[in-house]
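Step one of this worksheet: look at the structure below.
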Amino acid sequence: MSLNSVILKNFFKNLKNYTLYIFALVFSVALYFSFVLMSQDDGVAEELTSSELMSTGFIVGSVLLIVIIATFVMFANSIFLKRRNRELALFQLIGMTREKIFRMLIVENAVIYFGSLIIGIALGFLVYRMLLMVLLRLMQIDLSVGMTFSIEAVIQTALLFIFIFALLLAQNYIFLKKTSLIKMLKLEQSSEASYRGMGAVTVLFGTLGLVMIISGYWLSASMMNFTNALIFLMFGVLFLTIAGTYITFKFSVAFLLNMLRKSKNGHVNVNDVLSLTSIMFKMKSNAFLLTLISVVSAISMGLMSLSYISYYSVEDTIEASVPNDYTFYEEEDMEYYSDLLNENDIEHETVNIPTVSYDVEGDAIAIDAEAPGGFDTALALSMVSEEHVDGFEVEGDEIIITGVPYFLDSYIEFKLNETITLISDDYERDVELVSMGENAILSSFVTYGSPQAIVSNEVYEELEENHNYDEEMNQPREGFAIDITGEDSESIYQLMNEDNYSQFESKINQYNMQMQGTGLVMFIVGFVGFAFLLTSGCILYFKQIGESEDEKGSYNILRKLGFTENEILKGLTIKMVVTFGIPLLIGLLHTYFAVNAGGFLFGNEIWTPMLTVMGVYITLYSIFALISLMYYKKVVKRSI
Amino acid sequence: MILEAKGIKKSYGKRVNRTEVLKGIDLSIEQGEFVSIMGASGSGKTTLLNVLSSIDRVTSGHIFIEGQDITALKDKKLAEFRKNDLGFMFQEYNLLNTLTVKENILLPLSIRSMKKAEVEKQFKVVAEELEIYDLKGKYPSEISGGQQQRTSAARAYIHQPKIIFADEPTGALDSKAASNLLRKLQQLNDKSNSTIMMVTHDATAASYSGRVIFLKDGLIYSTLRKGDRSQEEYYKEIMNTQSVLGGVGVES
Ligand SMILES: Nc1ncnc2c1ncn2[C@@H]1O[C@H](COP(=O)(O)OP(=O)(O)OP(=O)(O)O)[C@@H](O)[C@H]1O
Ligand SMILES: [Mg+2]
């Protein structure tokens, strides 16, 4: 038998080992290719109001994807190399030169790699269609999904993967160069749990890691108290949590496990053997990986939550801040468009609301002076008479406040049944706050962003009379608007827009623009985040496969000694809970604090989006843990 | 009688390439005996040990340990039985890489509700006897092959099993380390009156035991007892029998 036929035979025997690697490749190619196809889809680009946003978004997304994929493929390759270690060492033992082995690896890799590339592209094309439909749905665009197969996208994908192939070759070359024969033969046996010298340093670092994370969390929660150094603080929080996570994995976890193990003083049971000691055995190489996974999953979960929050809040935000279907700057404009609508037989109502602005203070308004925004001027309210609005009931000296922008929520608290003093220079008027409304009744360019307040007609007249008319502020003002009877529609907007008489604000247009913008951002963040989630789950899974192979001998001994399959699996379940649970838990905690600190800037609805994203993560991680456990089960079953 | 086997047959494989490895073996072992099994490579020694120790199932025949027929037991009961009443030293992969020497040795005790102090005491006695007490914090990859085998001997002894099964415990050792280990085994056997059944290729190793059973082609070929002879004489007779069998001992 010639050497070549040995290699060939060996290759086919190893095909099972390759499945994992092939899967990783096909998956990555499909992911990237579908993403590129989508970014080049003309249909979507035409439909979008801002295709520039789209291309920027896709470029940022694809750069992130490339980084994720390259890391993933190289990681899979390294696991794969380690698994074939013994075999490669044997080839060297029987006298093959390294160069020859390297050449053999090139040929093998090339066959697998480019095979996977083709399958991946085909698969990516199918996935692309599906994803495109999701994207269009998210952006609320009605467009039938066509099939554009772009050669350019194929070339782009192929180029990227040829580049990654070069990286892999370099990786293989370095691996072969670096490891000596003896190391190759003994690789999996050596323990990394060299923490026997549990010096004061380990204890110190162990505590430090946890302290860093906790102080990072604390800072993020109270960040808003130090507005002047916000950017600085943000980097501080990032540094503390990321470095803290690494130190936690490197020292704290090892430290805690070691304490636990020490306290057992050798009296370990089978659960400890399969979880505790097995995790510690590979702790050193795990620390970096687990940090990477926790931090990046926290970042992607955080970004997904934030983008989902802004997407989810679009309707509420617009509903709360834009009271009417169309808003105009001048009365004349409103009348012009009203006539236009009449000509086209579109039923509508004109809305005309006069308002005056008053500064307010009093027991009912508690402003958190420490809070951000530097709120040193008094809060102003846009006063509106009850007779001009529907749905609000006020009598006598009562007042209702509504349309409070959500960013004010975080530092102003309104207390019901307390007094509010309305002030305009020397004139003061006391009223009582009876309830809070939800939505705005005046457009923000009329109110300059202040909340609105409804008072009875008598009070309003009094206020108007005593107002200090200020030229600069253009008081009193009036809101001019049109409400379409029934549903407003895109076609009505088009009709008015094409007329081009003057500028106006359209609620439906604002809504569409924001839906498209936030929908696109959410899709890209979601896509990249999901890609990351899947790859990190795969990496953890691959790692488990590798470890199960290494530990096969252990299961064999344990079973011969009389430990049953179930007892062994129980220990392995604990191991799975820990290996998947700890990064997940830290990722979740990081996300929670990040979203809590910055979420309100993106929208008012924080919990539902954040919990949804977290739920998806938890589910997928559980699935990966379960698949790993099933793999273990198979290995244990076969081990005797 | 602690162990009795009647008509043990064992075959591997399905119909077409079915090979009968054990073709009907009868044997009985008394409490406190130290028995060796010898035979050419591939003659079925490991297979016999595996079926006697319930790791593998017989194709037909019965095995009684203290009068109980273990061939009739369910897998779970068998595992329970191995855990409680048997001790093992294997031909290869003896220790768990992830555990220290001490943890490896104490493993069989983990299922018992014994006081920690008592466990410590027992560990100390056994480990000192086998001269590995000072290595207790090391990992298997950090100690020598002989030390590894002594560690697995300690593990086989720690829970004072009814029978210890050892598959070529000296296979990977040089003659000095081998006789060192065997002397230890012999001492433990004398002192605690434990029963040992050992597979070996090596006539010297076998000469430490009280009885040698020779296997050939899946059957018992002959049996030698030490009796009152010196170890030297006994060794010579073992060598003789082995050369009649085909000189395998020298070859492998
Ligand atoms: N799982 C198996 N499936 C099929 N055949 C087997 C199996 N295990 C052992 N055999 C065969 O049974 C025969 C006896 O094997 P066994 O391992 O008992 O030999 P042994 O006497 O222990 O040899 P050695 O001294 O080399 O360890 C051999 O021919 C072997 O090929
Ligand atoms: Mg054998």
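The values are calculated or read from the model by the stated rules, or taken from the named source; none is laboratory data. As the structure is a computational prediction, the values presented were derived from the model and not from experiment. Positions of Cβ are generated from backbone atoms using ideal geometry, with glycine treated the same way; all protein chains shown enter the neighbour counts. The area values use the complete protein model at the heavy-atom level, side chains included, leaving out ligands, DNA and RNA. Shrake-Rupley method; radii C 1.70, N 1.55, O 1.52, S 1.80 Å.
Anything in the range B:146-172 that is more than 16 Å from ligand 1 (Cβ to nearest atom) and among the aromatic types (Phe, Trp, Tyr)? List them, or say none. Passing the criteria: only B:157. In the range B:203-210, the count of residues that are more than 14 Å from chain A (Cβ to nearest Cβ), in contact with a helix residue (DSSP H, G or I) (Cβ under 8 Å, 6 or more places away or on another chain) and within 16 Å of ligand 2 (Cβ to nearest atom) is one or more. Residue A:76 falls short on exactly one of the conditions (1) within 22 Å of residue A:157 (Cβ to Cβ); (2) open to solvent by 70 Å² or more (accessible area, probe 1.4 Å), and that condition is (2).
Among the residues in the range B:36-45, are any away from chain A (no Cβ under 14 Å) and charged (D, E, K, R)? Yes, the range B:36-45 contains at least one residue that is away from chain A (no Cβ under 14 Å) and charged (D, E, K, R). Scanning the range A:107-128 for residues that are open to solvent by 50 Å² or more (accessible area, probe 1.4 Å) and of a type in the set (Val, Ile, Thr) yields A:107, A:111, A:118, A:119. Being farther than 30 Å from residue B:121 by Cα and assigned by TED's automatic domain parsing to the domain that holds residue A:543 is a property that residue A:307 has.
Within the range A:616-630, residues that are in contact (Cβ under 8 Å) with a residue 12 or more places away in the chain sit with their Cβ atoms under 8 Å from residues that are open to solvent by 60 Å² or more (accessible area, probe 1.4 Å), at 6+ positions apart or across chains, in these pairs: A:625/A:577. Taken over the range B:188-240, the criterion of being hydroxyl-bearing (Ser, Thr, Tyr), assigned to a strand (DSSP E or B), open to solvent by less than 70 Å² (accessible area, probe 1.4 Å) and in contact (Cβ under 8 Å) with a residue 60 or more places away in the chain is satisfied by B:195 alone. Only one of the numbered conditions (1) surrounded by fewer than 22 Cβ atoms within 10 Å (Cβ to Cβ); (2) within 14 Å of another protein chain (Cβ to nearest Cβ) is violated by residue A:578, and that is (2).
If you go through the range B:121-140 one residue at a time, how many are facing chain A (nearest Cβ under 9 Å) and open to solvent by less than 50 Å² (accessible area, probe 1.4 Å)? Residues flagged as facing chain A (nearest Cβ under 9 Å) and open to solvent by less than 50 Å² (accessible area, probe 1.4 Å) within the range B:121-140 amount to 4. Number of residues in the range B:10-59 that are of a type in the set (Lys, Arg) and within 16 Å of ligand 2 (Cβ to nearest atom): the value is 2. The residue of the range B:83-92 that is nearest to the other protein chains (Cβ to nearest Cβ), among those that are part of a helix (DSSP H, G or I) and open to solvent by 20 Å² or more (accessible area, probe 1.4 Å), is B:84.
The residues on offer are A:247, A:242, A:299, A:293, and the sole one that is touching a Pro at 6+ places or on another chain (Cβ under 7 Å) and either away from every other protein chain (no Cβ under 14 Å) or among the basic types (Lys, Arg) (or both) is A:293. Might you check whether a residue that is open to solvent by 20 Å² or more (accessible area, probe 1.4 Å), within 14 Å of chain B (Cβ to nearest Cβ) and either in a strand (DSSP E or B) or touching a helix residue (DSSP H, G or I) at 6+ places or on another chain (Cβ under 9 Å) (or both) occurs anywhere in the range A:317-324? No. Scanning for something more than 14 Å from every other protein chain (Cβ to nearest Cβ) and either touching a Lys or Arg at 6+ places or on another chain (Cβ under 9 Å) or buried (at least 19 other Cβ atoms within 10 Å of the Cβ) (or both), does the range A:559-575 turn up at least one residue? No; the residues of the range A:559-575 include none that is more than 14 Å from every other protein chain (Cβ to nearest Cβ) and either touching a Lys or Arg at 6+ places or on another chain (Cβ under 9 Å) or buried (at least 19 other Cβ atoms within 10 Å of the Cβ) (or both). Scanning the range B:90-130 for residues that are within 16 Å of ligand 1 (Cβ to nearest atom) and over 22 Å from residue A:271 (Cα atoms) returns B:90, B:91, B:92.
Here is a yes/no grid of residues against (1) without any contact (Cβ under 8 Å) to a residue 24 or more places away in the chain; (2) in a helix (DSSP H, G or I):
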| residue | (1), (2) |
| --- | --- |
| A:89 | no, yes |
| A:92 | no, yes |
| A:109 | no, yes |
| A:114 | yes, yes |
| A:119 | no, yes |
| A:131 | no, yes |
| A:137 | yes, yes |
| A:142 | yes, no |
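Considered as a group, the residues in the range B:141-169 that are open to solvent by less than 10 Å² (accessible area, probe 1.4 Å) and among the β-branched types (Val, Ile, Thr) include one that is nearest to residue B:66 (Cα to Cα), and that residue is B:163.
Scanning the range A:263-283 for residues that are small (Gly, Ala, Ser) and more than 9 Å from every other protein chain (Cβ to nearest Cβ), we see that the one that is surrounded by the fewest Cβ atoms within 10 Å (Cβ to Cβ) is A:263. Taking the range B:93-113 as the range and being free of Cβ contacts under 8 Å to residues at least 24 places away in the same chain, within 9 Å of chain A (Cβ to nearest Cβ) and open to solvent by 30 Å² or more (accessible area, probe 1.4 Å) as the test, the residues that pass are B:93, B:110.
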